[in-house]
Amino acid sequence: MAAGSQGASLGLTAKAGGLLLFAIGLFLFLPTVLYLVVTMLPTAVALVIDRSATRSGWLCVGGLNFAAACPGLFDLWFTDPSLEYATTMITDVFSLLIVYGAAALGWIIYLTTPQIIGAFMEMTSSRRITRLKAQQKQLVEDWGSEVAREEVE
Amino acid sequence: MARDGDGGQSGKGATGTTPILKDRYAIFPDNPLPDLDTPNATAFAAEDRRQRGRPLFALVVTGPLPPRVQVMQQLRGLRTAGLMALVEWGYIEWAPADAVRVVLIYEQPMGGRVMKSLSDTITPISDQQFVKSLLRPLCMALGELQNHGIGHRAVRPTNLFYSDASGGRIVLGDCATGPVAIDQPVVCETIESGMCTPAGRGLGVYADDFYALGVCAVMLLIGRNPLAGVSDHDILTQKLHHGTYATLVSDVRLPLGMIEIVRGLLADDVDQRWDFEQTDLWFNGRRMSPVQAKPVRRAQRAFVFMNQEFFLPRNLAHAMANNWDKAVPVVLEGKLEIWLRRGLENNQLADHITMAIRNAAAVGEKNKAAFQDTALANVLIVLDPAAPIRYRDFRAHVDGFGGVLSAQVALGKDTRLVTEAILRDLPKMWLGMREKFSPEMIQMTSNFRELRDYLQDPFKKGAGLERCLYELNESQRCLSPLLARDIVLDIRDLLPALDRTASRVDSKTEPLDRHIVAFVAARYPKDIAPQLAALNEDDTKRATLGMLSLLAVLQWRLGPEALHGLCGWMGALMGPIINSYHSRARRRTLEQEIPRLVRKGSLPELYNFVDSADERRADFDEFQRARAEWAVAQQNIRHLESGQVGADENAERTGQRLAATGSVSVAIVTVAVVLLGYMF
């Protein structure tokens, strides 16, 4: 009982610590956070709406999303890490279009790759079945129909 | 046919029409000599090509019954006064029958047959001339035959010949062209032998020939058959009731000096009957006390059967045997036993009767009729142990079973009674009732037990009736229809005969039928049980292999070196063996190789090739591997086919993971590139 209450209080402390750190981060890196919140929005949406088996849609979307957003992020960090510059960047429609386009491409890749893989796998197994059946036919020709019994003595 | 030096070789003359035996003796089929015919052979004129003018004639065995080949082998070249000399014997291609036949070349008796039939009347021969010129040479001849282990068993007036035209000397005629004693009239046979069916008399004992000689002596001395016109049944009955001597001589006058020897020769008790030694003593002037019949124990009161009174068990047994169905209830109701105890006062005999009936119950096969017949047969053996085995209409001595079986088979008659007699252990019962022990009896008991085993397995090749036939008859030729044109008596002659047959038969016919297998099993001295077992398998492949194996063993052990016809015949039957290999490639190889082996004519090589242990093992192992391969392939196919159902799900998962991995990789690379751009 004592141990249970001790564990619960520890989790609560961690959550509180986390929130505190986020608040400090938000305060210290507000331009970065603002930029990332706006540009990585498709990834967050993908994380919420993804119902696939592997639930890895956000990774696919997020990867390309971040790849497109990272030049702007580094520009913010190394040129002018101010809130104004961040605001200017997130209001640049062209830049946003590229970032969201990359995210959209990620989603498209995520949706089409399984179909391509499926088609490839199907093609490979059909060929194997054909080859195995030809092998069986040759065995029957060499040994007669009595070879075609599954129970092996 | 027999081999060179054994039976002789067949051949035809230079003209192609006159058969010549052993390149020496010409036989003229167009010149028959019916006066010299025997019941189972036809006589023809013959000529010795190396000694022209020598009076010879040939007896060609044209009848269905088997001749006594062993006797021919021993008689050839045996020359003694009183015996028609067998000059040569062998086999010839006999064109009138389009088959091979046994032929015997005899010196021709120039004076003809002494009596043409038993009802003939001839001039009586005076006793002085009779003893010196006729009886003594005949006794010498029988003695000489006895020394060679031969029983003549065809001593009868109609088989005696004047060897010269003047009629001064008489010789015994042929005894080898037919089964032993089969042509003997009942009057010339002892009581026990006369009770048998003619084919069932068996070789008997040497004294039986002297008995027949005694009968001949009476007929020659009085010039007729004293029992002419009397039926065989009545002759037997009279002999049983009065004895042979009294039956034959009661109404005739014999020369006084002949009475002693005739009485001695006609003694019904075989122990008292004169044989060669006693007749020789008599010829040399020694006179002995006349033979007196042993007193027989008679019953105090008669046993009435079929309205006849019987005082002696032997006579009663004879009457019962002749009235089989009426005798059965008499025996089983116990009246006989009571008579034996009270009338004959012979408790031991009565006890034996009880035992005989109990034995019948043991072997009666739970069949009432079988039990009754067996019981009566056993009882008759007990009542008259010297008599032959009597079983319904079957009557034979134990050494006559083979003769009966052989004759019945040769004549196409029913063999049921012979086989039943063996199956119901009657020979064992008969042998068990002998008073004197003989080691031969143990052998005979064992032989009949084996015969019984063969008969209990009637459908098996190498057993059944055929096996009994060849086991019981050493002189029995193989009766296979495949060998109808040949005479196969010796196991060594079988393969050459089959080789010749190969060209005449449909190649789908199997070369080993029931007769041939039984013949081989009976004649081949080594163990062929594995081959026989394989032959009898239901599986065609194993049966064909067994057949080939048996023939290969025979060729390997007995030759000849090459048998092209038989090899070709067997080669055509190899289908099941070839098909027993799994590998189609091996089958093709076998099919291609067999004709080459057939051309070599070697059955052992053919057998070793088609049933090589290494090839069999390799075929089996490879086949097992092939089956395993097939099964694995089948399993994979099934997995692949069932895998397609879940393929979409797998592909989706894989695709999603792949896409995510690729996307993250792109992000990392981009970060790295951009970062490097800022740094440098």
- prompt: Can you give the average number of partner chain beta-carbon atoms within 10 Å of each beta-carbon in peptide B:543-551, as a whole number?
  reply: 0
message: Using a 1.4 Å probe on the protein heavy atoms, what percent of the accessible area of the protein assembly as shown belongs to carbon and sulfur?
response: 56 percent
task: For the range A:43-67, state which residues have at least 10 Å² less accessible area in the presence of all protein chains than in their chain by itself, taking the probe as 1.4 Å and leaving out ligands, DNA and RNA.
output: A:S52, A:A53, A:T54, A:S56, A:L59, A:C60, A:G63, A:L64, A:F66, A:A67
Rg [Å, one decimal], Dmax [Å, integer] - the range B:466-544, C-alpha atoms: 12.6, 34
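With only Lys, Arg, Asp and Glu charged, each at its Cβ (+1 for the first two, -1 for the last two), find how big the charge dipole of the protein assembly as shown is about the Cα centre; round to the nearest 20 debye. Walk me through the numbers before you get to the answer.
On the way: 88 positive and 92 negative charges, 336 e Å.
So the dipole magnitude of the protein assembly as shown works out to roughly 1620 debye.
Per residue, how many Å² of accessible area does chain A show with a 1.4 Å probe? Could you put the intermediate results ahead of the total?
On the way: 9640 Å² over 153 residues.
With all protein chains present, chain A gives 63 Å² per residue.
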- request: Excluding residues on the same chain fewer than 8 positions from B:K526, give the lysines whose Cα lies under 22 Å from its Cα.
  value: B:K460, B:K461
statement: Straight-line reach check, B:K132, cutoff 20 Å on alpha carbons, 8 or more apart in-chain or any other chain, hits among aspartates and glutamates -> B:E144, B:D164, B:D209, B:E260, B:D275, B:E277, B:D280
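Would you mind giving the mean number of other chain beta-carbons within 10 Å of the Cβ of each residue in A:132-139, as a whole number? Spell out each step's value before the answer.
Working: counts 9, 3, 1, 6, 7, 2, 3, 6.
Rounded to a whole number, the mean comes out at 5.
How shielded is A:103-112 by partner chains, expressed as the average number of their Cβ atoms within 10 Å of its Cβ atoms?
Working: counts 1, 0, 2, 7, 2, 1, 8, 7, 3, 2.
Across the residues of A:103-112, the mean count of other-chain Cβ atoms within 10 Å is 3.
Per-residue ellipticity at 222 nm for chain B, helices alone: DSSP H runs ≥ 4 residues times -39500 (n - 2.57), over residue total, nearest 500 deg cm²/dmol?
On the way: 28 runs with 329 residues, N = 680.
Calculated mean residue ellipticity at 222 nm is -15000 deg cm²/dmol.
Pop out the Kirkwood hydrodynamic radius of the range B:20-108 from its pairwise C-alpha distances, inverse of mean 1/r, in Å to one decimal. Mind dumping the intermediate values first?
On the way: mean 1/r = 0.0763 Å⁻¹.
Kirkwood hydrodynamic radius for the range B:20-108: 13.1 Å.
For the range B:113-283, report the accessible area per residue in Å² (1.4 Å probe, heavy atoms, rounded to an integer). Can you show the working numbers first?
Values: 6010 Å² over 171 residues.
Ligands and nucleic acids excluded, the figure is 35 Å² per residue.
Using every Cα-Cα pair within the range B:113-283, state what percent have a distance larger than 30 Å. It would help to have the intermediate numbers written out before the result.
On the way: 1038 of 14535 pairs.
Distances greater than 30 Å cover 7 percent of the Cα pairs.
Packing-wise, with mean Cβ within 10 Å as the measure, how do B:436-447, B:97-108 rank, highest first?
Highest mean packing first, the order is B:97-108, B:436-447.
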message: Against the 2.2 N^0.38 Å scaling, with N counting residues, where does the range B:477-611 land? I'd like the Cα-based Rg ratio to two decimal places.
response: 0.99
- prompt: Using the per-residue mean of other Cβ atoms lying within 10 Å as a proxy for protection, in what order, highest first, do the peptides B:554-560, B:49-55, B:244-250, B:197-203 fall?
  reply: B:197-203, B:244-250, B:554-560, B:49-55
- request: Write down the Å³ per residue value for the convex hull defined by the alpha carbon atoms of the range B:303-443.
  value: 109 Å³
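Kirkwood-based Rg over Rh for the range B:249-375 (C-alpha set), two decimals?
Details: Rg = 20.5 Å, Rh = 17.8 Å.
Radius of gyration relative to Kirkwood radius: 1.15.
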statement: If amide H atoms are modeled at 1.01 Å from N in the peptide plane, then the residues at a separation of 5 or more from B:I170, or on another chain, having amide H under 5 Å from its own are B:S163
query: For the range A:30-147, with only Lys/Arg (+1) and Asp/Glu (-1) charged at the beta-carbon, what is the dipole magnitude about the Cα centre, in debye rounded to 20?
result: 560 debye
- request: Please find the FRET efficiency linking B:R449 to B:R616, where r is the Cβ-Cβ separation and R0 is fixed at 30 Å, and quote it to the nearest 0.05.
  value: 0.20
- line: Check: C-alpha center the range B:613-629 vs C-alpha center the range B:177-250, spacing in Å is 72 Å
message: Can you give me the solvent accessible area of B:R113 with a 1.4 Å probe, rounded to the nearest 10 Å²?
response: 50 Å²
task: Give a residue-ordered list of calculated ³J(HN,Hα) values for the range A:105-112 (Karplus: 6.51 cos²θ - 1.76 cosθ + 1.60, θ = phi - 60°; whole Hz; x for Gly, Pro).
output: 4, x, 5, 4, 4, 4, 7, 8
Spatial separation of Cα centroids for the range B:159-173 and the range A:26-85, in angstrom: 145 Å
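For B:E88, B:E615, B:E561, what's the largest-to-smallest order of accessible area, 1.4 Å probe? Don't jump to the answer; show the numbers that get you there.
Numbers: B:E88 25, B:E615 80, B:E561 170 Å².
Of B:E88, B:E615, B:E561, the descending order of accessible area is B:E561, B:E615, B:E88.
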- request: If a/c stays under 1.5 just call it rounded; otherwise compare a/b with b/c (prolate if a/b is bigger, oblate if not). Do that for the range A:54-153, with a ≥ b ≥ c from the square roots of the Cα gyration tensor eigenvalues.
  value: prolate
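Hey, if we sort B:K508, B:K239 by accessible area with the 1.4 Å probe, largest down, what's the order?
Working: B:K508 165, B:K239 5 Å².
Accessible-area ranking of B:K508, B:K239, largest first: B:K508, B:K239.
Taking a quarter of the surface of the Cα convex hull of the range B:394-548, what do you get in nm²?
Numbers: hull surface 39.8 nm².
Here the figure is 10.0 nm², rounded to one decimal.
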statement: Plugging the Cβ-Cβ distance of A:R55 and A:T130 into 1/(1 + (r/R0)^6) at R0 = 35 Å yields, to the nearest 0.05, a FRET efficiency of 0.45
message: So for chain B, averaging the separation of alpha carbon pairs under 8 Å that are six or more residues apart and normalising by length, what relative contact order in percent results?
response: 9 percent
field: Chains B and A together, accessible area buried on both sides, 1.4 angstrom probe, square angstrom
entry: 4000 Å²
query: Which semi-axes, in whole Å and largest first, does the equivalent ellipsoid of the range B:259-319 have when worked out from the alpha carbon gyration tensor as the square roots of 5 times its eigenvalues?
result: 35, 11, 8
- prompt: What accessible area per residue comes out for the range B:477-611, rounded to a whole number of Å², with a 1.4 Å probe?
  reply: 42 Å²
- request: Report the residues of the range B:154-184 in range of a label on B:D35: point 7 Å along Cα→C-beta, backbone N strictly under 18 Å from it.
  value: B:157-174
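If packing is taken as the average number of other Cβ atoms within 10 Å across a peptide's residues, how do B:529-538, B:257-266 rank, most packed first?
B:257-266, B:529-538
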query: Quick one: Cα centre-to-centre distance for the range B:65-131 and the range B:493-546, in angstrom?
result: 37 Å
- prompt: Per-residue HN-Hα couplings for the range B:482-496, Karplus 6.51 cos²θ - 1.76 cosθ + 1.60 at θ = phi - 60°, whole Hz, x for Gly and Pro?
  reply: 5, 10, 4, 7, 10, 10, 10, 10, 9, 4, 5, 8, 5, 5, x
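Going through the range A:11-97, which trypsin sites (Lys or Arg not before Pro) have at most 13 other Cβ atoms within 10 Å and a DSSP loop state? Before the final figure, lay out the partial values.
Numbers: sites: A:K15, A:R51, A:R55; in loops: A:R51, A:R55.
Taking the range A:11-97 and a limit of 13 other Cβ atoms within 10 Å, the loop trypsin sites (Lys or Arg not before Pro) found are A:R51, A:R55.
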query: Please report, for the Cα atoms of the protein assembly as shown, the Rg to one decimal and the Dmax as a whole number; what are they, in angstrom?
result: 52.7, 176
field: Near-label residues of the range B:588-605 by backbone N, under 16 Å of a point 7 Å along Cα→Cβ of B:H564
entry: B:595-603
- request: Over all alpha-carbon pairs of chain B, lay out the pair-distance distribution in 10 Å bins, whole %, shortest bin first.
  value: 3, 13, 18, 19, 16, 11, 6, 4, 2, 2, 2, 2, 1, 1, 1, 0, 0
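The values are calculated or read from the model by the stated rules, or taken from the named source; none is laboratory data. A quick note: this is a predicted structure, and the numbers were derived from the prediction, not measured. For neighbour counting, all protein chains shown are included, and Cβ atoms are generated from backbone atoms with ideal geometry for every residue, glycine included. In case anyone asks, the SASA skips ligands and DNA or RNA and just uses the protein heavy atoms, side chains included. Shrake-Rupley method; radii C 1.70, N 1.55, O 1.52, S 1.80 Å.
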